[in-house]
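The values are calculated or read from the model by the stated rules, or taken from the named source; none is laboratory data. Keep in mind it's a predicted model, so treat the numbers as computed, not measured. Glycine gets a Cβ as well: all are built from the backbone with ideal geometry, and neighbour counts include every protein chain shown. SASA here: full protein model, heavy atoms, side chains in, ligands and nucleic acids out. Shrake-Rupley method; radii C 1.70, N 1.55, O 1.52, S 1.80 Å.
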Amino acid sequence: MVRLMKGLRPYYPHLAGVIAALLAQALAELALPTLMAEIINNGMIKADYAYILKYGGYMLVVALASTVFGISANFLSALAGTGFGRDTRNRVFTHVESYSLHEFDQIGTASLINRTTNDITQVQSLLVMGLRFMVYSPIMCIGGIVMALRLDAGLTWILVVVLPLMLVFIGAIATRVVPLFRALQAKLDKVNLVLRENLTGIRVIRAFDRQLHETQRFDQANLDLTQTAIRVNKIMAVMFPLMMVLMNLTSVAIVWYGGIRISQGFMNLGGMMAFLQYAIQIMFSIIMVTWLFMMIPRAQASAVRINEVLDLRADISDPPQPARSADPLATVEFRDVSFSYPGADEPALRQISFQLRPGEFTAIIGGTGSGKSTLVNLIPRFYEVDSGAVLVDGVDVREMTQQDLRSRIGLVPQNPVIFSGTIADNIRYGKTDASDEEVRQAAQVAQAHEFIAALEDGYDARIAQGGTNLSGGQKQRLAIARALVRRPEIYILDDSFSALDFKTDARLRAALKQETANSTVIIVAQRVSTVMNADRIIVLDDGEIAGIGTHPQLLATSAVYREIVLSQLSEEEIA
Ligand code: ADP
Ligand code: MG
């Protein structure tokens, strides 16, 4: 809570202004009934028109002032609230960017989106309205009681009866509504989760004809949210008319009993009218305060959720004194590395050791789930190793800044990510200031130029969100071009040829070999034909290295490798 509220600090002047304006507004509002009493008693009853005009003028000025103060308070609190919302969204976003993949897995994308948008809006709106109720209502309530007592203590017994009654009413309603408010937020999360899964998984849902199932799933979550919201609103719908009845009954009581007191000579007409108005002000302020207290739990639930995001520290951070590269000849080295995913029983990688040199072409092969992607994801330090060390250019990746480390790497992930924008934008993602020539060159090496040139707008062709208007192979080649344009020391291509036909695969590898003569290239592949000509092949089997060597060496020494080869190639192809 404290962390979140720190974000309010820049808005202290605004908040001070809001409080001052609300104070002034409350005082002006409190003065109005007294002025009215003056007009009734000394102007109207005595038919003194000059007096009426004079005090009517005062009332007009006070009412205008109250309006101006009210508007200023609203204006300032809206400024503070929206500013706070903007800053907090920024803070959350920047913080989330520092997360390693582990933290993303922990909170979940749908919830993160919700927390950055809806939850912050909840806190923001409480701030805007809450401040008003919190400052204005107590002043009105206490001020009203003081003024009413001054007018006629004999009438106050009505308030003594009504106010506790009102509090009991409100208490009964609040105990029902508050838990519902709290539940609303979690239910909204659920709706968003289902919605998000549906939108991103729409193809799969259609392909497996699961629309009905998904619709039911959404309906359920939606209905759950709706019913809770309806219950809240039903209770609220009862509350307001009840309060109105109570207020009107109070007015009747005041007029009736006030009439008796006037006829007995204890009170005058103006006094009674003013008392009536103060009573209404008091009751309204009590309703406002309770409304506030009902809003708080919902915003508090949101605040807790936002704080969870802010308090979650990325388990990967930069060292205070980053080391610079020592031995540029050993580009990537694994020293006895073991790694398990958080919460997994089995380590995904066990005692992996190898060393790669620049200019070398290394292939990693192994069955699905053998840990290939996990291994290459340790090089850019997406995850932290459990034991052992990953070294890039002779330096432990934990001793480099992440920015320095990653600037040396051109990564093509297993599932290529394509951003909405043009083709050129997507390639330039690898290097913002790449020239058109560089972009084209990279696309040519990646064997993407042909299909891009065939598009109507060529490099300026628009790509739909998620790259849905491209084929799998086209996406892979774009992602490769993005890595190439960067001209990094280390290329990592995680299963990036899987959607390419054999011919394109071969052409791409040949072009890549020329282009990357001085770099370290790591290619993860399933196909033996892709890895056969590599300088070094690492065979992974169930998280362990089953063999390292060239194709002929491994054929002779590694049973696992032979098995993979035999399953894919015919005898004469091997020979
Ligand atoms: P490969 O790329 O060789 O197909 P992976 O490296 O993706 O294999 O996966 C290796 C193992 O780690 C698998 O058993 C998989 O279930 C597990 N795994 C992969 N990613 C995660 C993750 N984010 N969280 C937990 N376990 C994971
Ligand atoms: Mg993989």
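Output the antiparallel fraction of DSSP beta bridges having both residues in the chain, as a percent to the nearest 5.
The antiparallel fraction comes to roughly 50 percent.
Rank S567, S72 by accessible area, highest first, at a 1.4 Å probe radius? Walk me through the numbers before you get to the answer.
Values: S567 90, S72 40 Å².
Descending order: S567, S72.
For every helix of n ≥ 4 consecutive DSSP H residues, a contribution of -39,500 (n - 2.57) applies; sum these over the chain, divide by its total residues, and give [θ] at 222 nm rounded to the nearest 500 deg cm²/dmol. All intermediate terms of the calculation are to be shown ahead of the outcome.
Values: 21 runs with 359 residues, N = 575.
-21000 deg cm²/dmol, from helical runs alone.
Taking the Cα centroid of segment 94-133 and of segment 1-53, what is the distance between the two, rounded to the nearest whole Å?
Centre-to-centre (Cα) distance: 36 Å.
Scale the Cα Rg of segment 279-387 by the rule-of-thumb value 2.2 N^0.38 Å and send over the ratio, two decimals. Walk me through the numbers on the way to the answer.
Details: Rg = 26.3 Å, N = 109, 2.2 N^0.38 = 13.1 Å.
Here the Cα radius of gyration is 2.01 times the empirical estimate.
Taking K54 as the anchor, which lysines have their alpha carbon closer than 23 Å to its alpha carbon, excluding any fewer than eight residues away along the same chain?
Answer for K54, where 23 Å is the Cα cut-off: K46, listed by chain and number.
Just to be sure I understand the model, the point goes 7 Å from the Cα along the line to the Cβ. What's the resulting D311 to Y58 distance in nm?
Those two pseudo-labels are separated by 5.5 nm.
Expressed as an acute angle from 0 to 90° and rounded to the nearest 10, what is the orientation of the C-alpha long axis of helix 502-515 relative to the principal long axis of the chain?
For 502-515 against the chain, the angle is about 90 degrees.
What figure, in Å² to the nearest 10, do you get for the accessible area of H95 with a 1.4 Å probe and non-protein molecules left out?
20 Å²
Expressed as a whole percentage, what fraction of the accessible surface of segment 332-574 belongs to carbon and sulfur atoms when a 1.4 Å probe is rolled over the protein heavy atoms?
Numbers: 4860 of 10670 Å².
Answer for segment 332-574 is 46 percent, counting heavy atoms of protein chains only.
With axes computed from alpha carbons, what is the tilt in degrees of helix 436-445 against the longest principal axis of the chain, rounded to the nearest 10 within 0 to 90?
50 degrees
With a 1.4 Å probe and all protein chains kept in place, how much accessible area does Y257 have, in Å² rounded to the nearest 10?
Accessible area, nearest 10 Å²: 70 Å².
Can you pull the one-decimal nm distance between simple spin-label points at A20 and D501, each 7 Å off the Cα toward Cβ?
Reported label-point gap for A20 and D501 is 7.6 nm.
Can you tell me the 0 to 90 degree angle between the C-alpha axis of helix 472-484 and the longest principal axis of the chain, rounded to 10?
90 degrees
Could you tell me how many cubic angstrom of Cα convex hull volume segment 332-574 has per residue?
Values: hull volume 31.4 nm³, N = 243.
Looking at segment 332-574, the number lands at 129 Å³ per residue.
Multiply the residue separation of A186 and S263 by 0.36 nm, subtract the distance between their alpha-carbon atoms, and state the gained length in nm to one decimal. Display every interim value, and only then the final one.
Details: separation 77, 0.36 × 77 = 27.72 nm, distance 5.95 nm.
Extending this stretch completely gives an extra 21.8 nm.
About the Cα centre of segment 4-311, what is the dipole size in debye to 20, counting +1 per Lys and Arg Cβ and -1 per Asp and Glu Cβ, all else neutral? Can you show the working numbers first?
On the way: 24 positive and 17 negative charges, 34 e Å.
That gives segment 4-311 a dipole magnitude of about 160 debye.
Let me see the pair-distance distribution of segment 24-128: every alpha carbon pair, 10 Å bin width, integer percents in order.
Reading the bins upward from 0: 13, 25, 17, 13, 13, 10, 7, 3, 0.
If we count every other residue with Cβ under 14 angstrom of I158's Cβ, Lys/Arg +1 and Asp/Glu -1, where does the sum land?
Working: positive: R261; negative: D152.
That works out to 0.
Given a 1.4 angstrom probe, what's the average accessible area per residue across segment 332-574, in square angstrom? Kindly include the intermediate steps, with their values, before the conclusion.
Details: 10670 Å² over 243 residues.
With the other protein chains kept in place, segment 332-574 gives 44 Å² per residue.
Using modelled backbone amide H atoms (1.01 Å from N, in-plane), which distant-in-sequence or interchain residues come within less than 5 Å of I537's amide H?
Hits under the 5 Å cutoff: A363, G549, T550.
Determine how large the accessible area of V191 is when every protein chain is in place; take a 1.4 Å probe and give Å² rounded to the nearest 10.
Counting only protein heavy atoms, the figure is 20 Å².
Classify the chain: rounded, prolate or oblate, from the alpha-carbon gyration tensor (a ≥ b ≥ c, eigenvalue square roots; a/c under 1.5 rounded; otherwise prolate if a/b is larger than b/c)?
Details: a/c = 3.35, a/b = 3.06, b/c = 1.10.
Because a/c hits 1.5 or more and a/b exceeds b/c, the chain counts as prolate.
With a ≥ b ≥ c taken as the square roots of the eigenvalues of the C-alpha gyration tensor of segment 4-311, please select rounded if a/c is under 1.5 and otherwise prolate if a/b is larger than b/c or oblate if it is not? Don't jump to the answer; show the numbers that get you there.
Values: a/c = 3.41, a/b = 2.11, b/c = 1.62.
Judged from the Cα gyration tensor, segment 4-311 comes out prolate (a/c at least 1.5, a/b above b/c).
Please give every one of the aspartates and glutamates within straight-line cross-link reach of K513, meaning a C-alpha to C-alpha distance under 14 Å, and leave out same-chain neighbours fewer than 8 residues apart.
Leaving aside aspartates and glutamates fewer than 8 places away in the same chain, those within reach of K513 are E360, E489, D505, D535.
Please state the relative contact order of the chain as a whole percent: Cα pairs under 8 Å, 6+ residues apart?
Working: 822 pairs, mean separation 80.9, N = 575.
About 14 percent, as a whole number.
Could you pull out every one of the aspartates and glutamates with an alpha carbon less than 18 Å from that of K503, ignoring same-chain neighbours closer than 8 positions?
Of all the aspartates and glutamates, those that pass the test against K503 - Cα under 18 Å, at least 8 places apart if same chain - are E450, D495, E573.
Subtract the Cα-Cα distance of T117 and K513 from 0.36 nm times their separation in residues, and report this length gain in nm to one decimal.
Values: separation 396, 0.36 × 396 = 142.56 nm, distance 4.64 nm.
Stretched fully, the T117-K513 segment lengthens by 137.9 nm.
Roll a 1.4 angstrom probe over the protein heavy atoms and tell me the percent of accessible area of segment 4-143 that is carbon or sulfur.
On the way: 4920 of 6850 Å².
Heavy-atom surface of segment 4-143 belonging to carbon and sulfur, 1.4 Å probe: 72 percent.
Quick one: give the max-minus-min coordinate of the C-alpha atoms of segment 438-575 along each principal axis, largest first, in Å.
Ordered largest first, segment 438-575 gives principal extents of 52, 30, 29 Å.
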